[in-house]
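Single-structure report; data block below.
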Amino acid sequence: MKTLYDVQQLLKKFGVFVYVGKRLWDIELMALEIDHLHESGVIDQASFAKAKLVLDREHRIEERREQEKNNK
């Protein structure tokens, strides 16, 4: 699992489709859904950790994009 798309595909396996309309919010909601799946014991620790790392990275990237957009 290396990309946001991979995380989306993992969530899709469990019937979770996330689209709020703003990429940053989508990432945050995906993180919550991954947390819930892990707490429920549906996904293993390795998948959980990889998904969280991808989501953290994407969240940082998106925050940086928004900051740059607001600074212009």
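Rule-based calculations on the coordinates, nothing more; no lab input. The model shown is predicted, which means the values in this text are computed figures rather than measured ones. All Cβ positions, glycine included, derive from the backbone under ideal geometry; neighbour counts span all protein chains shown.
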(request) Neighbouring Cβ atoms within 10 Å as the yardstick, rank His36, His59 fewest first. (result) His36, His59
(request) Starting with the fewest neighbours, write out Asp35, Asp26 ranked by other beta-carbon atoms found within 10 Å of each beta-carbon. (result) Asp35, Asp26
(message) Per-residue counts of other Cβ atoms within 10 Å, averaged by peptide: what ranking do you get for 63-72, 7-16, highest first?
(response) 7-16, 63-72
(request) Evaluate Rg over Rh across the range 12-52, taking Cα atoms for both radii and Kirkwood's formula for Rh. (result) 0.98
(request) With runs of 4+ DSSP H residues as the only contributors, calculate the mean residue ellipticity of the chain at 222 nm using -39,500 (n - 2.57) per run, divided by the residue total and rounded to the nearest 500. (result) -25500 deg cm²/dmol
